[in-house]
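Here the structure is laid out as structure tokens; the discussion comes afterwards.
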Amino acid sequence: MLFRGSGDDMDLLFTSLFIGFIAGMIVSTLGVAYGVTASSFLLSLGLAPAIVSSTVHTAEVFISLVTGTSHLKLGNVDKKLFLNLVIPGVVMGGFGAYFLVSAPVSTISKAISFYLVVMGILVILRAFGRTVILKEINRKVLGGIGGFLDAIGGGGWRSIVASTLIANNEDPKKAVGSVNATKFFVTVSEALVFYTLMGVKYPEIVIGLLIGGVIAAPIGAYVCKKAPTKLL
């Protein structure tokens, strides 16, 4: 059964849908913070980090497909940049998922909470034009780091990779579009590892995040296409 028969499950579905829409608008427009937003919400409910990351990435398989396709159609994807990021991101994302499931819950919970706080600070700093992150780093190395941290933290691929690319003077629209396009493949790698080791947990949360994110994805991509570069 999809739901366990309680009103709490329906409340959780609609709350997740709202969070998925807000997170989807942020990520599709600015290239950051879907996983950070959604994972912070789920951790606040007391879920284990592995379940949080698994749930978020299961939803993101579909969301990132829509988001990446939207950016591709709008011409926001740089093919060379895409190829430099996707392979190391896929490999290290899968490894990060395996590591998270295998790690002790009590230890990893504190580490993930700290990681999400750091990601939140970086997102806020970026809003004020103060990006402080991995400057002058090789694109392939950046993809590997981003994939690993994304898997263990439930988010961060876009926050780390897109922010760093923009800090290194990449065109913001191409950086956001290319990072969103590669996210689909990175997420599939992570989700497959989680599914193999854990199965799918809390399907109502997955569906809520999925519906909200899919609705927001093309809207955010359009805003990204039309907004002035300096504003982005």
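The values are calculated or read from the model by the stated rules, or taken from the named source; none is laboratory data. Remember, predicted model here, so these are calculated numbers, not experimental data. Heads up, the Cβs are rebuilt from the backbone with ideal geometry, glycines too, and the neighbour counts pull from every protein chain shown. We work out accessible area using only protein heavy atoms, side chains counted, and drop any ligands, DNA or RNA first. Shrake-Rupley method; radii C 1.70, N 1.55, O 1.52, S 1.80 Å.
Restricted to region 90-117, and to residues that are of a type in the set (Val, Ile, Thr) and at pLDDT 75 or above, which residue is farthest from the chain's Cα centre (by Cα)?
Here is the first cut: in region 90-117, the residues of a type in the set (Val, Ile, Thr) are 90-91, 101, 105, 107-108, 112, 117.
After this cut, where a residue has to be at pLDDT 75 or above as well, the list is 90-91, 101, 117.
Numbers: Val90: 13, Val91: 16, Val101: 18, Val117: 15 Å.
It comes out as Val101.
Just give me the residues in region 119-145 being at pLDDT below 75 and either open to solvent by 50 Å² or more (accessible area, probe 1.4 Å) or in contact with a Lys or Arg (Cβ under 9 Å, 6 or more places away or on another chain) (or both), in sequence order.
Taking region 119-145 as the starting set, the residues that turn out to be at pLDDT below 75 are 119-120, 122-137.
Result: Ile124, Leu125, Ala127, Phe128, Gly129, Arg130, Val132, Ile133, Leu134, Lys135, Glu136.
Please specify each residue of region 152-195 satisfying the condition of being touching a helix residue (DSSP H, G or I) at 6+ places or on another chain (Cβ under 7 Å), closer than 17 Å to Ala59 by Cβ and modelled with pLDDT of 85 or more.
Answer for region 152-195, where residues must be touching a helix residue (DSSP H, G or I) at 6+ places or on another chain (Cβ under 7 Å), closer than 17 Å to Ala59 by Cβ and modelled with pLDDT of 85 or more: Lys183, Phe184, Phe185, Val186, Thr187, Val188, Ser189, Glu190, Ala191, Val193, Phe194.
Among (1) crowded, with 24+ Cβ neighbours inside 10 Å; (2) without any contact (Cβ under 8 Å) to a residue 12 or more places away in the chain, where does Val56 come up short?
(2)
Okay, residues lined up against (1) in contact (Cβ under 8 Å) with a residue 40 or more places away in the chain; (2) in contact with a Phe, Trp or Tyr (Cβ under 7 Å, 6 or more places away or on another chain); (3) polar (S, T, N, Q); (4) open to solvent by less than 40 Å² (accessible area, probe 1.4 Å):
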site: Ala175; (1), (2), (3), (4): yes, no, no, yes
site: Thr187; (1), (2), (3), (4): yes, no, yes, yes
site: Gly199; (1), (2), (3), (4): no, no, no, yes
site: Glu204; (1), (2), (3), (4): yes, yes, no, yes
